[in-house]
Amino acid sequence: MIWEIITTAKLGIALDYLQYLGTSKLTPAQVQQEFYKAGCSFYVSSSEDQVWVQLNGLSENLEKGLTLLENLLKDAKPNEDALKNMVGDILKKRADNKLSKETILWSGMYNYGTYGQKSPFTNILSEKELNELKSSELLSIIHGLTSYKHDVLFYGTHDEAALTSILNKYHKVPSKLKEIPVATKFEEQATNETRFYVIDYDMKQVEIVMLSKSVGYDKTQVPSVRMFNEYFGGSMNSIVFQEIRESKGLAYSAYAGYRQPSSLDHNNYIFSYIGTQIDKLPEAMKTMMAMINDMPESDKAFDASKQAILQKIRSERITKASVIFNYLASKKLGLDYDIRRDVYQKVPSMTFADMKAFQQKYLKDKNYSILVLGNKKDLDIPTLEKYGKVTFLKLEDVFGY
């Protein structure tokens, strides 16, 4: 069972804190022991716009597990040692993240390329704010979780009447729930010109990500997007992988595609990635650009991509609690049905000309924010400057600390 609400800056920390807390009757260790004895567990998490409080366990122990969880949310008590250690862990993780090329590229730089300096990734408490955190602040957030409007999702063996009776008995909420706070809105930056954002990192290879903001979500384009991604850069059989890595040996890893958003308030993005030796970067990037702007034609690869899409839909099954999550994901995109139906119906009749028309309209000759992670002294900056302005960033720019 899961319920969700909109998040705030401190909420993620409050949720992490919850796992270390006890109640007026149980120590933190005893809380964990009681959940274990009931064959249940709880999990809490937050994202850019949601909070999830999840209870898993044996159907016959639903009431026991729900009682434990509700008591913990309503009666959690401070644990000052745990808070101090947790803050220390957060600060250490932040320091470690600035040493990790994966975090630098895929979290820090990727968010910077999408949103600019203010992004969901940088929307965090400062070190000073962390050190000044009080248990009372976090407990106030925890105790108030169920006072906001929220949805209750359930997958299990109880019928509607039985579940309603249990929720009415144990899931106590105010007679009037609070409105969900307005989420912090981060604007995706328009890609009006091609620009390079470079971070100096001591490594022999170089990794680049090319991003270009496109149009908003359109369900009628989903079959074309699915077909393009499978054909162009979605697998080891795609033309990007075959051309850049297998045929020309320009990269140890390369893929590309047209990424669709998870909600209607975000846009589609043209996306590509190249991991290569630093001396091969100019040629690899030139080849990727050329393929995006003038997509090669291969009847064999096109037919194989069709069959791969159809076979995947035939074989994949959405079962158990995933049915609920699939429904919610569709709802965020304004859908009241499984979009795979459209893909399955339309892909068989699609021609290469159809896909070419899609590529010409949405991908050809676009500007990019190009993220480059590599050793500054070995980069061929003059070649990069032929494509667009080069800006060197510091880690503080993309991490916010």
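The values are calculated or read from the model by the stated rules, or taken from the named source; none is laboratory data. Note that this is a predicted model, so its numbers are computed, not measured. Methodologically, a virtual Cβ is constructed for each residue, glycine included, from the backbone with ideal geometry; neighbour enumeration extends over all protein chains shown.
Please state which of the following conditions residue 147 fails to meet, knowing it meets all the rest: (1) in contact with a strand residue (DSSP E or B) (Cβ under 7 Å, 6 or more places away or on another chain); (2) farther than 30 Å from residue 381 by Cα; (3) not assigned by TED's automatic domain parsing to the domain that holds residue 53.
Condition not satisfied by residue 147: (3).
Listed here are the residues, each with its yes/no results for (1) in contact (Cβ under 8 Å) with a residue 40 or more places away in the chain; (2) in a strand (DSSP E or B); (3) in the same structural domain as residue 146 (by TED's automatic domain parsing).
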| position | (1), (2), (3) |
| --- | --- |
| 161 | no, no, yes |
| 165 | no, no, yes |
| 180 | yes, no, no |
| 183 | yes, no, no |
| 190 | no, no, no |
| 208 | yes, yes, no |
| 212 | yes, yes, no |
| 221 | yes, no, no |
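Test residue 329 against the criterion of being free of Cβ contacts under 8 Å to residues at least 40 places away in the same chain and either over 26 Å from residue 188 (Cα atoms) or surrounded by fewer than 17 Cβ atoms within 10 Å (Cβ to Cβ) (or both), and give yes or no.
Judged against the criteria, residue 329 is not a match.
For segment 42-118, which helices (runs of 4 or more DSSP H) that fit wholly inside it have 2 or more residues that are within 23 Å of the chain's Cα centre (by Cα) and buried (at least 16 other Cβ atoms within 10 Å of the Cβ)? Walk me through how you get there before you give the answer.
On the way: elements: 62-75, 80-97, 110-115.
Counting at least 2 such residues, we get 80-97, 110-115.
Being farther than 13 Å from residue 295 by Cα, in contact (Cβ under 8 Å) with a residue 40 or more places away in the chain and among the hydroxyl-bearing types (Ser, Thr, Tyr) is the filter; apply it to segment 228-264 and report the residue that is surrounded by the most Cβ atoms within 10 Å (Cβ to Cβ).
Once the filter is applied, the top-ranked residue is 258.
I need the full set of residues from segment 364-401 which are surrounded by 15 or more Cβ atoms within 10 Å (Cβ to Cβ), more than 23 Å from the chain's Cα centre (by Cα) and closer than 26 Å to residue 225 by Cα, in order please.
Within segment 364-401, 366, 367 qualify.
Kindly establish whether residue 199 is in contact with a strand residue (DSSP E or B) (Cβ under 9 Å, 6 or more places away or on another chain) and closer than 16 Å to residue 271 by Cβ.
Numbers: in contact with a strand residue (DSSP E or B) (Cβ under 9 Å, 6 or more places away or on another chain): yes; closer than 16 Å to residue 271 by Cβ: no.
Judged against the criteria, residue 199 is not a match.
Would you confirm, using the coordinates I've provided, whether residue 157 is under 30 Å from residue 378 (Cβ atoms), touching a residue at least 40 places away in the same chain (Cβ under 8 Å) and out of contact with any strand residue (DSSP E or B) (no Cβ under 6 Å at 6 or more places or on another chain)?
no
Of all residues being not in a helix (DSSP H, G or I) and not small (Gly, Ala, Ser) in segment 320-338, which is nearest to residue 156 (Cα to Cα)? Just the residue, please. Step through it out loud before you land on a result.
Residues of segment 320-338 not in a helix (DSSP H, G or I): 320-321, 333-338.
Narrowing further to those that are not small (Gly, Ala, Ser): 320, 333, 335-338.
Working: 320: 9, 333: 26, 335: 25, 336: 23, 337: 22, 338: 22 Å.
Among those residues, the one meeting the criterion is 320.
Output the residue which, of all residues in segment 286-313 that are out of contact with any helix residue (DSSP H, G or I) (no Cβ under 8 Å at 6 or more places or on another chain) and farther than 30 Å from residue 208 by Cβ, is surrounded by the fewest Cβ atoms within 10 Å (Cβ to Cβ).
Checking each candidate, the answer is 311.
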